[in-house]
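Worksheet: one structure, shown below.
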Amino acid sequence: YTCLMMDGHEVTVVDNFFTGRKRNVEHWIGHENFELINHDVVEPLYIEVDQIYHLASPASPPNYMYNPIKTLKTNTIGTLNMLGLAKRVGARLLLASTSEVYGDPEVHPQNEEYWGHVNPIGPRACYDEGKRVAETMCYAYMKQEGVEVRVARIFNTFGSRMHMNDGRVVSNFILQALQGEPLTVYGTGSQTRAFQYVSDLVNGLVLLMNSNISSPVNLGNPEEHTILEFARLIKSLVGNRSQIQFLPEAQDDPQRRRPDIRKAKMMLGWEPVVPLEEGLNKTIQYFNRELEHQANNQYIPKPKAARMKKGRPRHN
Ligand SMILES: O=c1ccn([C@@H]2O[C@H](COP(=O)(O)OP(=O)(O)O[C@H]3OC[C@@H](O)[C@H](O)[C@H]3O)[C@@H](O)[C@H]2O)c(=O)[nH]1
């Protein structure tokens with residue numbers, strides 16, 4: 001799939017490593033087109049660039065709810081800083097927005113015209129409303145300052161290099177199945193989602209960035225399943241006998257979600273090409289290797305040296 005560095009672009013990765021990991025980019029360290037900056041977008045950034053993929057923000061519900069104020073700052077102040085950077089250097093900015101701007105949708109499937117159904121004071125608000133105002137900011141900078149913006153509304157995505165503690169449903173189910181633990185379904189499992197594999201998303205993001213479409217575009221895989229169906233599918237692909245355990249439902253959990261991707265198809269010529277099972281199998285292999293890596297890299301503390309007692313004279 002598309003790779004900016006292999007295509008000859010110089011890429012500067014900016015990460016505060018709140019949910020990111022150095023291991024995910026370590027194979028690029030030393031490449032002449034690659035640079036890594038440990039930086040938080042809540043602080044201003046002064047670099048020279050032509051294009052900004054503004055992907056900053058935790059995306060997993062447990063991660064973004066862990067520190068809602070930080071999530072809000074990242075999506076508001078962070079977005080203002082990135083738009084300010086785009087304005088200063090004349091760069092184009094692509095915002096990673098989300099299907100969560102549609103909230104718990106009353107329209108199905110969701111197309112880009114739908115305004116959404118979001119609880120502004122619920123537990124997901126820091127993210128939903130943060131992304132909604134981030135979109136608003138993009139169009140204010142476009143109108144008032146002439147900044148070129150692109151807005152991708154990204155639907156549920158999974159794949160290699162996800163964090164083991166990510167907390168979203170695909171990584172949870174795979175890790176649970178691989179370890180023979182029960183698969184935790186929140187609520188009845190009748191809520192639906194549609195999942196795209198990460199490489200499809202990357203292709204869509206690069207196509208959108210280089211297109212002339214400034215209005216929001218959905219990027220997702222329209223193949224919709226209930227969460228219970230996902231649990232059963234992952235169990236069968238991993239091939240073990242984990243139980244399914246029903247836990248209380250998550251508050252404000254969207255009940256149905258599926259992208260209408262006609263706009264991306266028509267205007268970008270984009271659609272997902274990785275079948276669900278193939279993506280899941282790749283991700284299962286990845287998490288298998290992660291579990292092995294974890295088992296082989298346990299930190300074993302060295303025995304502590306005897307501590308000097310306080311108050312006694314030291315004889316050196
Ligand atoms: O262990 C789990 C985790 C999650 N779930 C359920 O699975 C569904 C999907 O949950 P996830 O946490 O993976 O993701 P959500 O769809 O709720 O949110 C996601 O939406 C789109 C993106 O912007 C983000 O990646 C994320 O916010 C929900 O109904 C959730 O309640 C489980 O049943 N068990």
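Of the conditions (1) more than 8 Å from the ligand (Cβ to nearest atom); (2) open to solvent by 20 Å² or more (accessible area, probe 1.4 Å), Val149 satisfies every one except a single condition; which number is it?
Here Val149 meets the rest and fails (2).
What tally of residues in the stretch 217-240 results from selecting those that are part of a strand (DSSP E or B), among the β-branched types (Val, Ile, Thr) and buried (at least 20 other Cβ atoms within 10 Å of the Cβ)?
So the count comes out to 1.
Any chance the stretch 236-251 includes a residue that's within 30 Å of His9 (Cα to Cα), within 12 Å of the ligand (Cβ to nearest atom) and in contact with a strand residue (DSSP E or B) (Cβ under 8 Å, 6 or more places away or on another chain)?
no
Tyr1 versus (1) outside any loop (DSSP other than H, G, I, E, B); (2) touching a Ser or Thr at 6+ places or on another chain (Cβ under 9 Å): which is the lone unmet condition?
Answer for Tyr1: the failing condition is (1).
Pick out the one residue from Ser160, Ser190, Ser171, Ser214 that is among the small types (Gly, Ala, Ser), open to solvent by 30 Å² or more (accessible area, probe 1.4 Å) and within 12 Å of the ligand (Cβ to nearest atom).
Ser190
Where residues in the stretch 15-58 are in contact with a helix residue (DSSP H, G or I) (Cβ under 8 Å, 6 or more places away or on another chain) and modelled with pLDDT under 95, which of them is most open to solvent (accessible area, probe 1.4 Å)?
So the residue we want is Phe18.
In contact (Cβ under 8 Å) with a residue 12 or more places away in the chain and at positive phi - does that describe any residue in the stretch 186-204?
Within the stretch 186-204, one or more residues are in contact (Cβ under 8 Å) with a residue 12 or more places away in the chain and at positive phi.
The values are calculated or read from the model by the stated rules, or taken from the named source; none is laboratory data. All values derive from a computational prediction rather than experimental measurement. We place every Cβ from the backbone using ideal geometry, glycine too, and count neighbours over all the protein chains shown. Heads up: the accessible areas ignore ligands, DNA and RNA and are worked out on the full protein's heavy atoms, side chains in. Shrake-Rupley method; radii C 1.70, N 1.55, O 1.52, S 1.80 Å.
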